[in-house]
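One structure below.
The numbers here are math on the coordinates, done by the rules we state, and not lab data. Please read all numbers here as calculations on a predicted model, not as lab measurements. Using ideal geometry, Cβ is built from the backbone for each residue, glycine included, and neighbour counts are taken over all protein chains shown.
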Amino acid sequence: MRFHLELNPVEDAGINSQQISEEELHNCAQLLADQQLPAGWQVVASSGFAHVAHNSELQVFYKEFLPRSPVEKIKALIKGSRATRARKHSEALLKAGFNAPQNLAWGQLPGAREYLFTRAVAGAGVSTWIKSKLPRQEAVELQERRKFLRELGVFIGRLHGTGFIHGDLRTSNILAHRGIEHFEFSLIDNERNVQYRPPPGKLMLKNLMQLNMHTPAELGRSDRLRFFHSWHSQIRELSPLEAKLIAIESYQWAMRRLHAKGKL
Ligand SMILES: Nc1ncnc2c1ncn2[C@@H]1O[C@H](COP(=O)(O)OP(=O)(O)O)[C@@H](O)[C@H]1O
Ligand SMILES: [Mg+2]
């Protein structure tokens with residue numbers, strides 16, 4: 001197994017080095033890559049092109065990037081490998097003031113695989129907040145749900161307004177934590193993010209379509225409108241008419257997809 005030599009100093013990333021050293025992280029990677037679970041690690045559900053594990057005591061995630069296709073190798077030469085892109089894109093978000101996982105250590109594995117350890121970011125997926133933490137029918141939580149959707153809209157609007165487009169903006173890739181005054185959002189799974197100024201309407205549309213992938217029972221019309229108003233308030237480039245068109249089209253696109261998946 002070959003390790004990346006230009007390793008990220010673990011202490012700089014804020015992890016307590018008495019808890020785990022960088023070397024120990026790389027040793028864990030060897031076991032995890034070999035389908036073994038070192039003490040304290042649990043497997044986390046992930047897409048087919050990744051293996052993810054979590055150590056709740058250390059608050060660290062392990063993600064192994066599996067090659068998606070033979071084209072991946074060529075793409076890696078031009079754009080950097082999947083793990084490199086994930087690392088760089090999270091760094092770009094952090095630098096611009098958006099919460100994203102801090103990179104702790106990374107390396108290469110046999111079979112064109114790579115791994116990346118990140119610090120766990122706080123919170124639960126936006127999907128979980130929408131469906132169960134702040135459910136639609138709970139009158140008691142109504143104000144809180146409204147606040148949540150408004151603040152989520154501002155967060156995504158600020159992201160787009162800064163020119164960032166997330167590569168896979170499903171609601172499970174945004175984590176939310178209830179701070180004292182506001183919700184705090186973090187973006188994970190940043191491998192396929194891009195940055196353009198001004199942000200192309202087509203790419204914002206795709207991001208918003210993914211956010212709309214909830215049934216009307218989970219996310220009502222006024223919920224969606226509340227989100228959109230806050231989102232638009234952050235993007236100067238878009239006229240009210242353009243914003244409205246994006247809102248309608250992203251909703252209809254999501255409904256067509258939900259229908260095709262048999263979820264409507
Ligand atoms: N740094 C992190 N902080 C918190 N949760 C994480 C972190 N990295 C991964 N996760 C959890 O692991 C899951 C899978 O990771 P993700 O990077 O989204 O993989 P995939 O590409 O398979 O979707 C996420 O949905 C999230 O629950
Ligand atoms: Mg994901």
Where a Cα-Cα gap under 21 Å defines reach, which lysines qualify for Lys75, not counting those fewer than 8 residues away within the same chain? Lys63, Lys88
Compactness index (Cα Rg / 2.2 N^0.38 Å), the chain: 1.06
For the stretch 124-260, averaging the sequence separation of alpha carbon pairs under 8 Å that lie six or more residues apart and dividing by its residue count, the contact order in percent is 32 percent
Sort the following peptides by mean Cβ neighbour count (other Cβ atoms within 10 Å, averaged over residues), highest first: 55-66, 150-161, 193-204. 150-161, 55-66, 193-204
Measure up Lys95/Lys133; Lys147/Lys206; Lys79/Lys263 against 26 Å on the Cα-Cα distance and list the ones that go over. Lys95/Lys133; Lys79/Lys263
Counted charge near Ala83, where neighbours are those whose Cβ lies closer than 10 Å (Asp, Glu -1; Lys, Arg +1): +3
By what distance, in whole Å, do the Cα atoms of the stretch 22-119 stretch along each of the three principal axes, largest value first? 38, 35, 25
Return the ratio Rg/(2.2 N^0.38 Å) for the stretch 124-260, where Rg is computed over Cα atoms only. 0.98
Determine the relative contact order of the stretch 91-156: mean sequence separation of Cα pairs under 8 Å and six or more apart, normalised by residue count, in whole percent. 17 percent
Relative contact order of the chain: what whole-number percent is it, with Cα pairs under 8 angstrom and at least 6 residues apart? 17 percent
Report, in deg cm²/dmol and to the nearest 500, the calculated mean residue ellipticity at 222 nm for the chain, where each DSSP H run with n ≥ 4 adds -39500 (n - 2.57) and the sum is divided by the residue count. -12500 deg cm²/dmol
Checking the a/c ratio against 1.5 first, then a/b against b/c, what shape does the Cα gyration tensor give for the stretch 54-107? oblate
So which residue, out of Ala29, Ala50, Ala86, gets the largest mean-square fluctuation from a GNM of the chain using Cα contacts under 10 Å as springs? Ala50
